[in-house]
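Engineer: I am attaching a structure below and will ask some questions about it afterwards.
The values are calculated or read from the model by the stated rules, or taken from the named source; none is laboratory data. Given the structure is predicted, the values throughout are model-derived calculations rather than measurements. Note that we place each Cβ from the backbone using ideal geometry, even for glycine, and neighbour counts take in every protein chain shown. Please note that ligands, DNA and RNA were not included when accessible areas were found on the heavy atoms of the full protein model with its side chains. Shrake-Rupley method; radii C 1.70, N 1.55, O 1.52, S 1.80 Å.
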Amino acid sequence: MHVPICALPGVFSQNRLDIGTAVFLPYLSQVPSGKIADFGCGAGIISAYLAKLNPDNRIFALDVDAFALASTQMTFEHNQLNPQQLEIKAVSGIEDAPLFTCHCQQSAFSSRGFRPTMMPAKNCAKLRAAT
């Protein structure tokens, strides 16, 4: 899937797709649809990719950097994605993130390599309490 990226100066991985995101993108089709948080959204490649995968996804793009949040908005607009799918929020940490009734995503490495995993929302609350 082709997703052009728009990035303002200083936004992570501004002129190219970083290797971590490149490895991660093929696994995003396994993410259940619904409300999805993109922590550290940067230029919005993951947010836009998830929005293109499923028009029913509601993406919460979260970052500490105002330029990153603006870049995510620009990426959505450039890809002509439904603006109703995107909510942008400045955060200073996980405690600022919206609470969902669905699942939080985390990544894990195993002997077979990288794999996305899901954890119940109750574990997200525990993670918030620990930070």
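Engineer: Please verify whether residue 44 is surrounded by fewer than 16 Cβ atoms within 10 Å (Cβ to Cβ), within 24 Å of residue 96 (Cα to Cα) and within 13 Å of the chain's Cα centre (by Cα), treating the condition exactly as stated.
Structural biologist: Against the criterion (surrounded by fewer than 16 Cβ atoms within 10 Å (Cβ to Cβ), within 24 Å of residue 96 (Cα to Cα) and within 13 Å of the chain's Cα centre (by Cα)), residue 44 does not qualify.
Engineer: Under the condition of being of a type in the set (A, V, I, L, M, F, W, C) and within 17 Å of residue 1 (Cα to Cα), which residue from segment 75-90 is most open to solvent (accessible area, probe 1.4 Å)?
Structural biologist: Top of the filtered list is 81.
Residue by residue, here is whether (1) assigned to a loop (DSSP other than H, G, I, E, B); (2) in contact with a Ser or Thr (Cβ under 9 Å, 6 or more places away or on another chain); (3) open to solvent by 20 Å² or more (accessible area, probe 1.4 Å); (4) at positive phi holds:
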site	(1), (2), (3), (4)
2	yes, no, yes, no
16	yes, no, yes, no
26	no, no, yes, no
32	yes, no, yes, no
51	no, no, no, no
61	no, yes, no, no
68	no, no, no, no
73	no, no, yes, no
